[in-house]
Amino acid sequence: EHIDALYRIAHTAPPAAATQALMLLFQLAVGSGDTGAVDRNDESVTARKDRFYRALYSKVADGDMFSGRQLTLFFNLLYKALKYDTKSERICAVLKRLIHTALHLPSSIVCGVLFLLSEIISCRPEVNNEVEAAVSELIFDPSKREPSVAFSGKV
């Protein structure tokens, strides 16, 4: 029930509180990113990760998240979440939605988004191939709520 309350905060609270809730949810769902004692094929772990990334994906589309004092924390959360994600399709979908949202933001934010994109691609080179493949053959639909179905042709 406390986890559900954190997700309600993440979806409905102002950007500063939503960022803090998402940071806590990241620690609970993903952890520090090491592949230690937890079995990564466990269904409950996968469900927690999917729910966290769905919430993060929805907040990336909110332009208010890119203003105010929590901006550095939000970019840090995006970097860590995308760096430790194991699904390259989901990383690609979040990055594309981030770029789509950044088109309506000030140039300083756009520069931060492009820097974040370059850092993620340097950490995860397969994402670059995924982005190029998505551009050439698939259509990105930013209105989807689930990052895994944001590309037509991939379910």
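Computed on the range 42-130, with alpha-carbon pairs under 8 angstrom and 6+ residues apart, the relative contact order is 31 percent.
Using the Cβ of Arg54 as centre and a radius below 9 Å, the other residues enclosed give a net charge of 0, where K and R count +1 and D and E count -1. Ranked by the mean number of other Cβ atoms within 10 Å of their residues, highest first, the peptides 106-112, 53-59 fall in the order 53-59, 106-112.
The slack in the chain from Lys83 to Ser122, taken as 0.36 nm per residue of separation less the alpha-carbon distance, amounts to 13.0 nm. Would you mind classifying the range 1-129 by shape? Square roots of the alpha carbon gyration tensor eigenvalues, ordered a ≥ b ≥ c; an a/c under 1.5 is rounded, otherwise it is prolate if a/b is larger than b/c and oblate if not. Judged from the Cα gyration tensor, the range 1-129 comes out oblate (a/c at least 1.5, b/c at or above a/b).
Rolling a 1.4 Å probe over the protein heavy atoms of the range 1-126, with every protein chain left in place, gives an accessible area that is 58 percent carbon and sulfur. Working ranking of peptides 64-76, 89-101 by packing, defined as the average number of other Cβ atoms within 10 Å per residue, highest first, is 89-101, 64-76.
Over all other residues within a Cβ to Cβ distance under 9 Å of Leu25, the charged ones net out to +2, with Lys and Arg as +1 and Asp and Glu as -1.
The values are calculated or read from the model by the stated rules, or taken from the named source; none is laboratory data. The structure displayed is predicted, hence computed values, not measured ones. Note that we place each Cβ from the backbone using ideal geometry, even for glycine, and neighbour counts take in every protein chain shown. Heavy atoms of the whole protein, side chains included, go into the accessibility calculation; ligands, DNA and RNA do not. Shrake-Rupley method; radii C 1.70, N 1.55, O 1.52, S 1.80 Å.
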